[in-house]
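Report on one structure; see the data block that follows.
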Amino acid sequence: MSQRARKSLIVSMSCLLLMSAVAVFVGTFAGLDLVVHADPTGIKYTGAGTCAAAACHGGPAPKDEAATRHNENTMWGDKDQHSKSFNDPKKGLVSPEGKKIAETMKLGDATKAERCLTCHALSGLGAEGKGRLFLKPADIDAAKYNVADGNSCDACHGPASKYLTQHATAGWTAGQRKALGSQKLYDEWGLYDTKNLKFRANQCLSCHLKIDADMVAAGHPELSFELDAMSSPVSNDWVHWRDKEEWKGGKAWAMGQVIGLREAALQLSERIEKKADEKLIADSYKTLISRALTSRQVAKTIDAGSLTAIDAQLTIVNASWADGAKVAEALKAVAKASDVLADKFNDKPFDKAITEALLGGVATEGDQAAKSGFKASEQFCMALSSLWGSVKLNAKLSEADGKAKQDKIDALYDPLGDKGTFSGDKFGPEAVKMKDVFTGGASIPLPPGGPK
């Protein structure tokens, strides 16, 4: 992945993670608005400290073992921006920008505000579709859990009190995953299966896309997100896990697009139903289209029936834009079709043919991306980087063979610019050339209509 693409993603991620506040954890939760219990019930969150022993995940250097490298906690603390999501002193909610957001939303102290802590610290993942949940005192082992650690181990891997001892036994997690499946592994043990790409995408996007309209209106940034790039240790030196399965990068990319489409559709539906500001609705529509262009290529390659289902509902959305209720229902159907599509390939391996078919298909969408705006164009660039990166890695191309086409992708970032300077007329002609670099695909025309 290019330095430019990587920087775009990391900056976007950091904007969310670092809009937090500095505070000292005192072991109590007085003043917090405690409203909902996290799933699964009866299993406590123990925090990063319980993973920090050198024999567990706090080693100074990685070890080459099958299941763990024993330095995951160390990497998280040293390099991962998630560890700074609560207490960064320069970019937190105590900064002028952060204070302005909190004041505008009348949140009071952000270190005690549920709206902030559900993603920045006291964060539990609810049942599928519910997103992040705010933790109650009963969910937390207060003697061990330090809220100032921000997005720590349990926030991604699930409440650890029940599995903490057992998962240290070699083969235990793999055996439980095989015996129970991902959902029951979480329900019975509290262990969230991040190796399951749909579960991983659900989890990441529960914060990285589920940003309420009033937060955005108050100044909270909306984010770009690419599951493959943010999951790849090849692209990011802070990633503390390894996906060893061949061609999994392309599969992770596809899952991120499809679950991203699902969440974008639900976000837009909610904003329409709640009569959000027209600009926010328009921005949410652009997010939807940015994911639709890529996800429809996934559907075309994986399951043609899903493409038919998604496009039938997008046709209703664009043709009926003036009818908010009708559009909101059609968007919910888009979300359902996207979820079905994700299940179609979640447990199937990817290969060179699938990855190259996706790459060729996406490469034909440069013109539509340019006409759809910055979000779609940025997504187009990141998609090409991820898919070509998977080909380079798994086809074992020489550095020279991989670099020639990567350079062409990297060159797109100059005409792309940023949100404030983007010009479709400038980006489009360069983006269209990519169909001659990665051949074999065909563009899928978007249904006409939509907001003006």
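The values are calculated or read from the model by the stated rules, or taken from the named source; none is laboratory data. Please read all numbers here as calculations on a predicted model, not as lab measurements. Cβ sites come from the backbone with ideal geometry, for glycine too, and all protein chains shown count toward neighbours. These area figures cover heavy atoms from the full protein model, side chains too; ligands, DNA and RNA do not enter into them. Shrake-Rupley method; radii C 1.70, N 1.55, O 1.52, S 1.80 Å.
A count restricted to region 41-51 and to residues that are surrounded by fewer than 20 Cβ atoms within 10 Å (Cβ to Cβ), within 26 Å of the chain's Cα centre (by Cα) and not in a helix (DSSP H, G or I) stands at 1. Residues that are open to solvent by 30 Å² or more (accessible area, probe 1.4 Å) and at pLDDT below 95: does region 420-438 have at least one? Within region 420-438 (the criterion being open to solvent by 30 Å² or more (accessible area, probe 1.4 Å) and at pLDDT below 95), the answer is yes, since at least one residue qualifies. Confirm whether residue 181 is surrounded by 19 or more Cβ atoms within 10 Å (Cβ to Cβ) and not in a loop (DSSP other than H, G, I, E, B). Against the criterion (surrounded by 19 or more Cβ atoms within 10 Å (Cβ to Cβ) and not in a loop (DSSP other than H, G, I, E, B)), residue 181 does not qualify. Look at region 385-410: where a residue is within 14 Å of residue 360 (Cα to Cα) and a partner is of a type in the set (Val, Ile, Thr) and at pLDDT 95 or above, sitting 6+ places away or on another chain with Cβ atoms under 7 Å, you get 385/409; 387/355; 387/362; 388/409; 390/355; 391/355; 405/437. Restricting to region 418-438, give me the number of residues that are outside any helix (DSSP H, G or I), in contact (Cβ under 8 Å) with a residue 40 or more places away in the chain and not aromatic (Phe, Trp, Tyr). Result for region 418-438: 3. Selection of region 308-335 for residues being within 22 Å of the chain's Cα centre (by Cα) and in contact (Cβ under 8 Å) with a residue 40 or more places away in the chain yields 310, 331, 332, 334, 335. With respect to the conditions (1) within 21 Å of residue 51 (Cβ to Cβ); (2) surrounded by 21 or more Cβ atoms within 10 Å (Cβ to Cβ), residue 111 lacks only one, and its number is (1). Can you find a residue in region 133-144 that is at pLDDT below 80, open to solvent by less than 40 Å² (accessible area, probe 1.4 Å) and in contact with a helix residue (DSSP H, G or I) (Cβ under 8 Å, 6 or more places away or on another chain)? Scanning region 133-144 turns up at least one residue that is at pLDDT below 80, open to solvent by less than 40 Å² (accessible area, probe 1.4 Å) and in contact with a helix residue (DSSP H, G or I) (Cβ under 8 Å, 6 or more places away or on another chain). Flag not set for residue 178, criterion: within 11 Å of the chain's Cα centre (by Cα), farther than 19 Å from residue 44 by Cα and basic (Lys, Arg). Taken over region 87-121, the criterion of being part of a loop (DSSP other than H, G, I, E, B) and either modelled with pLDDT under 75 or of a type outside the set (A, V, I, L, M, F, W, C) (or both) is satisfied by 87, 88, 89, 90, 91, 92, 93, 94, 95, 106, 108, 109. Does residue 133 meet the test of being part of a helix (DSSP H, G or I) and closer than 29 Å to residue 338 by Cβ? No: the conditions fail for residue 133.
Within region 136-172, the set of residues being of a type in the set (A, V, I, L, M, F, W, C), out of contact with any Leu (no Cβ under 9 Å at 6 or more places or on another chain) and part of a loop (DSSP other than H, G, I, E, B) comprises 142, 143, 164, 170.
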